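All of the numbers you see were taken from the coordinates with simple rules; none came from a lab. Treat the numbers as computed from the prediction; the structure is a model and nothing was measured. Here the Cβ is made from the backbone with ideal geometry for all residues, glycine too, and neighbour counts use every protein chain on show.
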Amino acid sequence: MDINLLSEQECAQLRTLIADATNVVVCCHQNPDGDAIGSSLAWAEYLRQQGKDPRIIVPDMFPDYLQWLPGTERILRYDKHVETAQLLLRTADVVFCLDFNTIDRLGEQMGGSLRQSEAKRVLIDHHLQPDAGMVLSVSRSWACSTAELVFRLIWQLGGFEQMDRKVAVPIYCGMMTDTGGFTYNSTTPEIYFIVSQLLTKGINKDKIYRNVYNNYSEWRLRLIGYVLYTKLNVFAEQHAAYFALSRKDLKRFHYIKGDAEGLVNMPLQIKGMKVSLSLREDTERENVVWVSIRSVDNFPANKMAEQFFNGGGHLNAAGGRLNCSLDEAERIVREAFAAFCC
């Protein structure tokens, strides 16, 4: 099966960029998820196997359920180590930009630091409408995840034989989490060919699943019950549902980053449901509401995110952000449902 991504010229260009680089940075988007962290860890480890010493920089905190992944102790948080991160970006020869299509997704501070850097930028991503200004753009919106693209690149560069669990485990984790455990955006045979090859590296896919999805606190389960019983709003005629979590709600249930992961999928279990949306107040900033959207079949979650929530994403999985109160955000949700769920 041919899973190569690059032309011969592009492949040679990538080899040269890696070989010639002395200072290398790997970065991913704000509020990093399993794909962002998994793909970054895997790519950085591959670069390490090529004799490089890459530094991984993330804008802010990543979920607790990803802390077990091999290599997370090497991750540098920009918001906690601003001066060090700025220096690394300023002196980098190459910055690999993983799992984001636009520098704005790094947040204002880290995005500004990357824009000021004179480093060559290489994009590896699966979102629509990527930024220009990259010396090499590996942008494939049809891919299930950025982790899938990382595997394909390593494969094409001849790194599969050398691949070990430090690379294979984060790749599988990224692919698994960005497809909801391979329940959406994962219908191509190439995906399962890649999974079969990862299994030859001795990964324990069941343990990876448990580490991600069965590794929460008691309060996470109580939050789920509260959301489903008290907060869920179902619009049966529109085949749509949403819930909104306030800062007060999150404090009540001892919320830590990642505790709301996957909740937005649960209303899709209702018969006939086409779209589910979650709103979550930022725990630190006023008038910032995070939006997640999940849908089924041909319902365009990405179009809804673009039109109403300053965001984007994929057909069945998208997100965005609103700069307003939670009450105003709920009003916008109802407008979005009226526009898209006729």
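If you build a Gaussian network model of the chain, linking Cα atoms that sit under 10 Å apart, which residue out of G159, G311, G133 swings the most?
Maximum fluctuation in the GNM of the chain, among the listed residues, is at G133.
At what distance in angstrom do the alpha carbon centres of segment 23-72 and segment 201-240 lie from each other?
The two parts, judged by their Cα centres, are 24 Å apart.
Let's see if you can work this out: charge +1 on each Lys and Arg Cβ, -1 on each Asp and Glu Cβ, no other charges. What is the dipole magnitude of the chain about its Cα centre, in debye to the nearest 20?
So the dipole magnitude of the chain works out to roughly 660 debye.
Run the quick spin-label model on Y209 and A12: label points 7 Å from Cα toward the beta carbon, then report their separation in nm to one decimal.
About 4.5 nm, to one decimal.
Return the long-range amide H neighbours of F96 (sequence gap of 5 or more, or a different chain), with a cut-off of under 5 Å between placed amide H atoms.
V25, V26, C27, V122
Can you find, among Y226, A12, L268, the residue sitting farthest towards the positive end of the charge dipole of the chain, where Lys and Arg contribute +1 and Asp and Glu -1 at Cβ?
Y226
Using each residue's phi in segment 86-102, evaluate 6.51 cos²θ - 1.76 cosθ + 1.60 at θ = phi - 60° and report the 3J(HN,Hα) Karplus result to the nearest Hz, with x for Gly and Pro.
4, 5, 4, 5, 5, 9, 6, 8, 9, 10, 8, 9, 10, 6, 8, 9, 9
Ranked highest first by the average count of other Cβ atoms within 10 Å around their residues, in what order do 326-336, 6-16, 104-114 fall?
104-114, 326-336, 6-16
Most fluctuating residue of D53, D35, D206 in a GNM of the chain with Cα springs under 10 Å: which is it?
With Cα springs under 10 Å in the chain, the top fluctuation among D53, D35, D206 is at D206.
Tell me, what ³J(HN,Hα) does each residue in segment 157-173 have, in order and in whole Hz, if you take phi through Karplus 6.51 cos²θ - 1.76 cosθ + 1.60 with θ = phi - 60° and put x for Gly and Pro?
Working through the residues one at a time gives 7, x, x, 5, 4, 7, 4, 10, 5, 5, 9, 5, 5, x, 5, 4, 4 Hz.
Which whole-number percent of Cα pairs in segment 4-60 have a distance greater than 18 Å?
Tail of P(r) above 18 Å: 43 percent of Cα pairs.
How large is the helix-only mean residue ellipticity at 222 nm for the chain, computed as the sum of -39500 (n - 2.57) over DSSP H runs with n ≥ 4, divided by its residue count, in deg cm²/dmol to the nearest 500?
Working: 12 runs with 130 residues, N = 342.
Helix contribution divided over all residues of the chain: -11500 deg cm²/dmol.
What do you get for trypsin sites (Lys or Arg not before Pro) in segment 246-297 restricted to DSSP loop and a cutoff of at most 14 other Cβ within 10 Å of the site's Cβ?
The qualifying sites are K271, R285.
Counting Lys and Arg as +1 and Asp and Glu as -1, each charge on the Cβ, what is the dipole of segment 148-191 about the Cα centre in debye, to the nearest 20?
In debye, rounded to 20, segment 148-191 gives about 100.
Can you list residues from other chains, or at least 5 along the same chain, whose modelled amide H is less than 5 Å from the amide H of G312?
Close amide H contacts, sequence-distant or interchain: G319.
Per residue Cα convex hull volume for segment 109-226, in cubic angstrom? It would help to have the intermediate numbers written out before the result.
On the way: hull volume 19.7 nm³, N = 118.
Considering the Cα atoms of segment 109-226, their hull volume per residue is 167 Å³.
Which residues' amide hydrogens lie under 5 Å from the amide hydrogen of Y78, considering only partners 5 or more residues apart or on another chain, with H built in the peptide plane?
It is V58, D60, by chain and number.
Taking the chain as the reference, fit the longest principal axis to its C-alpha atoms, fit the long axis of helix 326-340 to the helix C-alpha atoms, and give the angle between the two in degrees, 0 to 90, nearest 10.
Helix 326-340 sits at roughly 90 degrees to that axis.
Rg and Dmax of segment 179-277, Cα atoms, in Å?
So, for segment 179-277, Rg and Dmax equal 16.7, 48 Å respectively.
Kindly provide the chymotrypsin sites (Phe, Trp or Tyr not before Pro) of segment 48-124 that DSSP labels as loop, not H, G, I, E or B, and whose Cβ sees at most 14 other Cβ atoms within 10 Å.
W68
Relative contact order for the chain: what is it in percent, counting Cα pairs under 8 Å that are at least 6 residues apart?
RCO, the chain: 13 percent.
In nm², what is the average projected area of the convex hull enclosing the Cα atoms of segment 16-103?
It is 5.5 nm².
So which trypsin sites (Lys or Arg not before Pro) in segment 135-196 are both in a DSSP loop and have at most 10 other Cβ atoms within 10 Å of their Cβ?
none
Apply the Karplus parameterisation 6.51 cos²θ - 1.76 cosθ + 1.60, with θ equal to phi minus 60°, to every residue of segment 212-227 and state each ³J(HN,Hα) to the nearest whole Hz, in sequence, with x for glycine and proline.
Values, residue by residue: 8, 9, 10, 9, 9, 7, 4, 5, 4, 5, 5, 5, 4, x, 4, 4 Hz.
Once you treat every alpha carbon in the chain as an equal point and sum by Debye, what is log10 I(q)/I(0) at q = 0.07, 0.10, 0.16 Å⁻¹?
Log10 of I(q)/I(0), two decimals: -0.28, -0.59, -1.47.
Need the C-alpha centroid separation for segment 297-342 versus segment 249-273, integer Å.
One Cα centre to the other: 17 Å.
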